[in-house]
């Protein structure tokens with residue numbers, strides 16, 4: 001839905017969406033699943049658009065959202081919520097607010113406060129839907145309030161339900177004893193492979209609190225090396241249908257905001273019992289590979305293990321050891337680095353797309369104020385870990401695919417799939433790049449290979465528009481999702497791929513661990529559970545998008561807050577979008593997005609040339625093209641809306 005309440009209904013990939021005029025939406029909202037009746041062509045009474053096929057909502061099957069975060073306001077004696085969610089085009093009327101606020105400890109109407117509201121209905125003839133307050137988050141504009149609001153707005157809470165807290169408390173009391181008993185029993189029975197005497201380490205960001213993956217390495221002979229990819233055995237503690245399991249399934253993922261992590265699992269698991277801490281025995285589910293000198297897999301084994309991490313590295317100090325050519329575990333790190341480079345080269349040769357997109361890192365002071373914004377640097381050690389995690393994910397996916405192909409009691413698996421890009425999107429990308437002076441080779445209409453995309457990304461490396469081209473290319477790709485039907489992974493050029501390496505922070509990985517165990521004589525997965533895999537895949541994909549939106553919004557808010565103190569200053573930017581409303585620009589130091597409104601572009605009447613992605617001055621012929629560098633001055637920063645306004649510097 002647009003902000004004006006016009007809806008669009010998607011029903012056939014080959015056909016244009018039906019337009020749903022505001023008077024025919026029947027109170028449906030953005031993302032709702034609805035039944036629609038085609039009603040012929042719709043003609044805009046204002047003549048702003050050509051006639052197009054229209055529909056009328058006849059039933060709302062399910063709501064996309066039931067809760068909304070926003071700011072309380074009072075209007076004509078009514079309490080209203082102004083939603084933060086931009087696709088919610090109307091406010092919500094708050095009922096029974098006096099009683100509810102009294103229950104939450106508020107005597108006065110807290111106008112200007114952020115609250116969480118549950119929508120209860122939208123009555124026939126009513127201007128707005130109505131709801132009730134579930135939680136008072138805090139005063140708008142305060143750091144803690146805004147971060148909580150971003151998370152709650154996407155359905156994520158730092159707090160856990162009572163049942164989860166109760167189970168977590170029992171693990172605090174008994175978890176260490178359970179862990180020790182399992183290690184002792186596994187060592188005695190040989191049920192788990194024992195890697196405690198094999199050199200093992202973790203390599204993580206300096207501020208990581210949970211360590212869910214470790215690498216072991218030992219030379220078998222002059223030509224063969226054994227590398228173990230060991231992943232925290234979360235499934236030992238989180239049993240199916242427990243309160244912990246149900247909540248983890250509902251959350252589906254951890255969320256990483258600029259100042260905090262909202263974990264999928266309580267800290268006793270994520271930061272303690274399941275964390276592969278140095279100098280402590282831990283349970284793992286592992287993929288163990290025998291690799292030759294060229295990093296070809298000669299043998300692979302998958303199953304339960306006991307490990308002992310000898311060293312906790314950060315990416316930085318592992319890199320220091322490699323750069324110095326000596327230091328703790330230098331020989332092992334050097335062996336892993338050499339193998340990882342060969343694994344990566346083989347992947348690239350197959351057409352894996354190397355986006356290597358830099359992430360924005362926001363540094364905050366103790367009060368949550370942004371004090372610096374920089375791009376995260378990806379070191380060779382980052383790539384080393386990534387290469388072995390990809391190797392394990394691919395191998396586990398292939399292993400489970402082969403096992404499920406044989407039928408038997410465990411007949412299903414989860415995959416991480418990435419479809420080929422949509423042809424229209426690739427054509428649009430090629431046109432956009434052509435305007436910017438770059439060429440993307442396509443075969444047939446809208447068909448592109450990973451190799452051609454890599455060639456493009458290499459061409460723009462180091463140019464002012466590199467970040468823009470990478471972003472535009474990423475947006476033209478299909479979204480990677482979870483599915484039970486394997487169609488491969490286009491971006492990684494893998495025939496098989498799944499998520500195995502992060503069960504502390506992703507629920508699908510936990511399911512994959514249970515499957516690996518089930519196929520090796522562990523607890524079976526019931527047919528009922530496997531029948532639910534399709535719904536689980538959809539849910540996990542949706543929660544992943546919600547988490548990514550919250551994370552992106554938290555960065556965007558802090559970018560705007562950081563620049564709010566620099567109004568009037570000039571910056572270097574790149575034009576990242578051109579519309580009839582004006583120019584979108586990306587500031588080059590912080591990578592913050594902003595807008596130059598059409599009225600502020602210059603002393604001329606600027607016309608939008610859609611075909612060439614540019615604005616052209618009617619009198620001066622001054623041209624602003626997509627991808628052009630431009631000097632801009634910041635004139636406004638609206639922190640709640642996460643928006644910046646610029647004007648060009650003559």
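Just so you know, all these numbers are worked out from the coordinates, no wet-lab data involved. Source: prediction; values computed, not measured. Ideal geometry is used to build each Cβ from the backbone, glycine not excepted, and the neighbour counts take in all protein chains shown.
How much of the DSSP bridge set in segment 203-341 is antiparallel, in percent, rounded to the nearest 5? The answer is about 90 percent antiparallel.
Helix 450-459 and the longest principal axis of the Cα set of the chain meet at an angle near 70°.
Remark: segment 231-304 is approximated by an ellipsoid whose semi-axes, taken from the C-alpha gyration tensor as √(5λ), come to 29, 16, 14 Å, largest first. Seen against the Cα atoms of the chain and their longest principal axis, helix 533-564 is set at about 60 degrees. The residues 146, 544, 377, when put in order of fewest to most other Cβ atoms within 10 Å, stand as 377, 544, 146. From largest to smallest, the equivalent ellipsoid semi-axes obtained for segment 344-484 from the alpha-carbon gyration tensor read 31, 25, 15 Å. Shape class of segment 469-614 from the alpha-carbon gyration tensor: prolate, with a/c at 1.5 or above and a/b greater than b/c. Taking other Cβ atoms within 10 Å as a rough exposure proxy, 443, 275 sort from fewest to most as 443, 275.
Volume of the convex hull of segment 420-477 (Cα atoms only), normalised per residue: 66 Å³. Here the residues 301, 97, 24, ranked from fewest to most Cβ neighbours within 10 Å of their Cβ, fall in the order 301, 24, 97. Separation of segment 93-142 from segment 601-630 is 45 Å, based on Cα centroids.
Once the Cα atoms are used to define both axes, helix 507-518 deviates from the longest principal axis of the chain by about 30 degrees.
Here, P(r) means the percent of Cα pairs in each 5 Å bin from 0 to the largest distance; for segment 67-140 it is 3, 18, 31, 28, 14, 5, 1. The Cα center of segment 338-381 and the Cα center of segment 182-214 differ in position by 26 Å. Among [x] 3, 15, 26, 27, 19, 8, 2, 0, 0; [y] 3, 13, 21, 26, 21, 12, 4, 1, 0; [z] 3, 12, 17, 17, 14, 10, 8, 7, 6, 4, 2, 0, 0, which is the computed P(r) over Cα pairs in 10 Å bins from 0, in percent? Read-out from the structure maps to [y]. Measuring nothing but alpha carbons in segment 565-648 and taking Rh as the Kirkwood radius, the Rg to Rh ratio lands at 0.96.
State whether segment 1-76 is rounded, prolate or oblate according to the following rule on the C-alpha gyration tensor (a ≥ b ≥ c being the square roots of its eigenvalues): a/c under 1.5 gives rounded; otherwise a/b larger than b/c gives prolate, and the remaining case gives oblate. Note, shape of segment 1-76 comes out oblate. Placing a label point 7 Å from the Cα of residue 567 along the Cα-to-Cβ direction, the residues of segment 579-595 whose backbone N falls under 18 Å of that point are 593-595. From helices alone, the chain scores -10000 deg cm²/dmol at 222 nm; the rule is -39500 (n - 2.57) for each run of n ≥ 4 DSSP H residues, then divide by the residue total. Once the Cα-Cα distance is subtracted from the 0.36 nm per residue extended length, the residue 177 to residue 649 segment shows a gain of 163.2 nm. Can you bin segment 167-266 into rounded, prolate or oblate? Criterion: square roots of the alpha carbon gyration tensor eigenvalues sorted a ≥ b ≥ c, rounded for a/c under 1.5, prolate for a/b above b/c, oblate for the rest. Judged from the Cα gyration tensor, segment 167-266 comes out oblate (a/c at least 1.5, b/c at or above a/b). Beta bridges assigned by DSSP with both partners in the chain are antiparallel in approximately 90 percent of cases. Annotation: peptides 590-599, 172-181, 422-431, ranked by per-residue average of other Cβ atoms within 10 Å with the highest first, follow the order 590-599, 422-431, 172-181. Name all residues of segment 594-617 having a backbone nitrogen under 13 Å from the label point set 7 Å from the Cα of residue 435 along its Cα→Cβ direction, giving them as ranges. Answer for this model: 607-616.
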